[in-house]
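Read through the structure below, which is laid out as C-alpha cells, and then see the notes.
Values in this text are rule-based calculations from the coordinates and carry no lab data. Note that the structure is a prediction, hence the values are computed from the model and not measured. A quick note on method: Cβ atoms are made from the backbone with ideal geometry, for glycine too, and the neighbour counts reach across all protein chains shown.
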Amino acid sequence: MKELTPDLSEVLDMLAFMELGPEFQLTLDEIHALSERLIFEGERDELSRPISEIKEVASDLGENWLICPLCQEAWRNQLTYPMLFCPKCSAKIHNPAFTARE
Ligand SMILES: [Zn+2]
C-alpha cells in the first residue's frame, strides 16, 4: 500500500462523497494517475486551445464523469480546458463540456 499524500486524500474524500456504482471504483494507481493530471501545471498551455486535428471527444456521463473513446477508461474530470488527457492511455481528446458551450 502506497502512502497517500494530502492531495490524494482530498481526491479520495471527493470520490467517497459521491455515490458511485462499482464501475467507477478506482484503484490506488488510477487515483495516483488522476492526481498527477490534476496537479501537473505544465499541461495548461498544451490543453488551453482546441486542436482541430484531433477528432476524438470524451463521452460525457454527467457529474463530470468522462469516458475515453480510445480505451474506454472512465474518470472524473476536474479540468475546464478544451483538451484533456486520458489518465489511462494519455491520449489527447476534446473536453465534451467545452464543446457543448461553443
Ligand atoms: Zn484512454
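So how much slack lies between E46 and D60, counting 0.36 nm per residue of separation and subtracting their Cα-Cα distance, in nm?
2.9 nm
Could you list C68, C89 so that the one with the fewest beta carbons within 10 Å of its beta carbon is first and the one with the most is last?
Fewest-to-most Cβ neighbours within 10 Å comes out as C89, C68.
Which ordering of R49, R76 is given by a fewest-first count of other beta-carbon atoms within 10 Å?
R49, R76
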